[in-house]
Amino acid sequence: YKSLLILFFILMMTVVAQDGVLRGHIEPVNGVAFSPDGRWLISVSDDLSVRVWDVDARTLYKELYPHRSFVRRVVFNLAGDRMVTTSWDGTANVFRVQGETFTTEARIPNFGSPVDAAAFSLDQTRLALGVGDGTIRLMDTATWQEVSLLVVDGLHIRALDFSPSFDTPILAAAVGFPALQLYLWEPDTDTPFAMLDFSATDLAFLDETTLIAVSDMGEILRWQDWQDEDEPTITTYEDVWFTSLAVYDDQIAAGTLDGEIYLWQDETLTVIDGGDPINDLAFSVDGTLLAAGTDAGTVRLIAVDRAD
C-alpha cells in the first residue's frame, strides 16, 4: 500500500511537470519575464507576490512580497543582475540578482499613482517607468534617481520598450485613455518626434527600426522607418482582442482575451488554442519556450519549434 501511494504521488508530480502549467498564484498573473541566463522565470500577480520559478525543474524556487498592492510588471536588465517590479502601490522595487539570491537594492519612491509599465535601455543606464498620472519617469540606474519626466495625453501607460540600440535607443510608449496613441522619443529629449493614433495594448521593438504593436480591436501594427514618415502596416483579425505581445528574432507572439496565442514565425501564422485570458507573454532567452501569464493565476509554458 505504501509503495502504491508513493508511486501515485510520483505520477501526479510527473503529470504536473509535463502539463506545461505553473500553478500557485491565487489571483491573475499580470507579468512574466525570463532571466537573461535562462535559469529563472518570474511571475507577478494581483495576489501581491513575485514568484521565482526554476525553469529546468518547473518548480517554485522563491516567493517575494515587495509591494502592498497589485504587482503589474517585471523586467530584467541585459546583464540579468537587476530585476524591477512595478505595482499599483505607486512604487517600483529594484532587486539585485546574484546566483540564487534576490535582494532589494532600492525602492523607488511612491509616485502617488499606479506604475503599470517598465523597460530597461539596452545599455542599462536608464529605466523607464509608466505612471498612472500621465507621465513616464526616466531613472538613472546608477542612483535610481529620476533624471527626466515625459508627459503624455493619457492616464494609463499600457506598455514601454526601448529599441535595441546602444547608440540611439528610441523609447516607445503605448498610451491608453484618453489618448489611445503610440509615442516615440529620441534619447535625451522630452518631446516625442512621432505619434500615431492606435489603441495599443502592448508593444515591442522587433529590431532597431521596426516597432510591433497589438490592439484590443484585433490589429497588429508594424511600423518601420518612422523617420521617413512611412505609413505603418496594420493587419486586422476579426473577433480578436489582443492583450499582450512578445518578440524574439523573427518570431512574434500575441496573446488574446480568449486565451489563444497567435504565433508568427517568418510570416507563417500558427494559432495555439487557449482557455483563460492572457495578460502577458515572454520568450525564453533562446526563443524555444514561451510563457503566458493568465487571468486564472497560472503560467502556461509552450514549447516553440524553431527551424534554425
Legend entry - Assigned charges on the beta-carbon of Lys, Arg, Asp, Glu; region 28-303 dipole about Cα centre (debye): 1380
Legend entry - Approximate spin-label separation I272-M195, in nm, with each point projected 7 Å along Cα-to-Cβ: 3.7
Legend entry - C-alpha long axis of helix 2-18 to longest principal axis of the chain, angle in °: 20
Inset, instruction - Could you pull the Cα extents of region 47-130 along its three principal axes, largest to smallest, in whole Å? - result: 38, 32, 18
Inset, instruction - In a Gaussian network model over the chain where Cα atoms closer than 10 Å are linked, find which of A292, A33, A106 has the largest mean-square fluctuation. - result: A106
Inset, instruction - Could you work out how far apart the two model spin labels at Q124 and W264 are, taking each label as a point 7 Å from the Cα in the direction of the beta carbon, and quote it in nm? - result: 3.2
Legend entry - Relative contact order of the chain, defined on C-alpha pairs under 8 angstrom at six or more residues apart (%): 13
Inset, instruction - Towards the positive end of the charge dipole of the chain, with charges on Cβ (+1 Lys, Arg; -1 Asp, Glu), say which of V97, G255, A118 has the farthest Cα. - result: V97
Inset, instruction - Please give the contour-minus-distance gain from D167 to R23: 0.36 nm per residue of separation, less the Cα-Cα distance, rounded to one decimal in nm. - result: 47.7 nm
Inset, instruction - Could you please state, rounded to a whole Å, how far the C-alpha centre of region 23-79 is from the C-alpha centre of region 271-308? - result: 14
Legend entry - Computed E for A57/D140 - FRET, C-beta separation, R0 41 angstrom, nearest 0.05: 0.65
Inset, instruction - Could you work out the mean projected area of the convex hull around the alpha carbons of the chain, in square nanometres to one decimal? - result: 16.8
Legend entry - Farthest toward positive dipole pole in the chain [+1 Lys/Arg, -1 Asp/Glu at C-beta], among T243, N30, V147: N30
Legend entry - Point-to-point label distance, M217-W241, nm (Cα→Cβ direction, 7 Å offset): 1.5
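Bear in mind these aren't lab numbers, they're just calculated from the coordinates by the rules spelled out. Predicted model only: the values in this text are computed from it and were never measured. Counting neighbours? That spans all protein chains shown, and the Cβs are built from the backbone with ideal geometry, glycine included.
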